[in-house]
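Beneath this line is the structure, given in structure tokens, with notes to follow.
The values are calculated or read from the model by the stated rules, or taken from the named source; none is laboratory data. All of these numbers come straight from a predicted model, not from anything done at the bench. As a convention, Cβ positions derive from the backbone with ideal geometry for all residues, glycine included, and neighbour counts pool all protein chains shown. Calculation scope for accessible area: heavy atoms of the full protein, side chains included, ligands and nucleic acids excluded. Shrake-Rupley method; radii C 1.70, N 1.55, O 1.52, S 1.80 Å.
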Amino acid sequence: MTRSQKALAGFFSFAGAMHFVIPRSYESIMPPSLPHHREAVVLSGVAEIAGGLAVASPSTRRFARWWLLALLAAVFPANVHMALNPEQVRGLDPERIPRWTLWARLPLQPLAMLWVWRATRD
């Protein structure tokens, strides 16, 4: 495994585990129009862990590419919702987290997708 692949596997495995450590933080950023917040957080946490683990093996790395790209696309609406409606995000302190940082996160999603694409190609 390359350093990039190890970092990618670790990043998604850690991020997925955090869904179980601080689930309410993830639930709070979900758009109200999406149902079953708790279940969606559990599902996305499992999906991130599975994607991270799939990066580790050459035999599942191609699967991991498409899995993680789809996952990043699926969670993007929550990031947009948080940038557009920070007042609806329970626990978000606008004094500690400036609004511009919520917008600055949005371009990171395509960069993460690029990282997934490059790290999982053989």
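Express the carbon and sulfur contribution to the solvent-accessible surface of the chain as a percent, rounded to the nearest whole number, probe 1.4 angstrom. Carbon plus sulfur share of accessible area: 67 percent. In the full protein context, the chain carries 62 Å² of accessible surface per residue, based on a 1.4 Å probe and ignoring ligands, DNA and RNA.
Taking the Cβ of residue 113 as the center, what net charge do the other residues with Cβ under 15 Å away carry, scoring Lys and Arg +1 and Asp and Glu -1? Can you show the working numbers first?
Working: positive: 65, 105, 118, 121; negative: 48.
Net local charge, residue 113 excluded: +3.
Sequentially through segment 33-44, phi angles give Karplus couplings (6.51, -1.76, 1.60; θ = phi - 60°) of 6, 8, x, 6, 4, 4, 5, 5, 5, 4, 4, 5 Hz, Gly and Pro residues having no value and appearing as x. Sorting 42, 21 by accessible area puts them as 21, 42; the probe is 1.4 Å, largest comes first, and only protein heavy atoms count.
Anisotropy class assigned to segment 15-57 is prolate, per the alpha carbon gyration tensor with a/c at or over the 1.5 cut-off and a/b larger than b/c.
Does segment 1-115 come out rounded, prolate or oblate by the C-alpha gyration tensor, with a ≥ b ≥ c the root eigenvalues, rounded set by a/c under 1.5 and, if not, prolate when a/b is larger than b/c and oblate if not?
The shape class here is prolate.
Along the axis of the charge dipole computed for segment 1-84 (Cβ charges of +1 for Lys and Arg, -1 for Asp and Glu, origin at the Cα centre), the listed residues 36, 16, 56 are led at the positive end by 56.
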